[in-house]
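Coordinate-derived values only; no laboratory data. Source: prediction; values computed, not measured. No Cβ is skipped: glycine too gets one built from the backbone with ideal geometry, and neighbour counts run over all protein chains shown.
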């Protein structure tokens, strides 16, 4: 399975993460707003936040033979929130869900989303967590 799909499945299938996202948003969703690569254009980022996007960064080959490759995969998890408080709730839970399945954070970033920074009423924060897989797991 592709690394970004592994991470997507872990996040999508986490009852704790789904409950927190519903709580932050203020309504329950049948499907969470967790995507790989592209986020649907029709979403209202502010009204629908939090929204999570998972993208592939790279595979680093550690070892190879005629039959298989041992790789260390890097995946980027971006998520948008309406407040830093929401970011502070989601960040440790996303890290825990991934860490419990062998994906370890090696870097992170947070900033005002440039697409919403001009509007105080609809300001969003873009959070990024980069994770690497445990190649031996």
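Counting the residues of region 31-48 that are at negative phi and within 13 Å of the chain's Cα centre (by Cα) gives 7. The strands (runs of 3 or more DSSP E) found wholly in region 27-137 and carrying at least 1 residues that are surrounded by fewer than 16 Cβ atoms within 10 Å (Cβ to Cβ) occupy 51-64, 69-81, 103-112, 125-133.
Name the single residue that is nearest to residue 126 (Cα to Cα) among those in region 15-24 being surrounded by 12 or more Cβ atoms within 10 Å (Cβ to Cβ) and touching a helix residue (DSSP H, G or I) at 6+ places or on another chain (Cβ under 7 Å). Let's see the steps before the verdict.
So the first thing to find is which residues in region 15-24 are surrounded by 12 or more Cβ atoms within 10 Å (Cβ to Cβ), and the list is 17-24.
Pick out the ones that are also touching a helix residue (DSSP H, G or I) at 6+ places or on another chain (Cβ under 7 Å) and you get 17, 20, 24.
Values: 17: 18, 20: 17, 24: 15 Å.
Out of the qualifying residues, it is 24.
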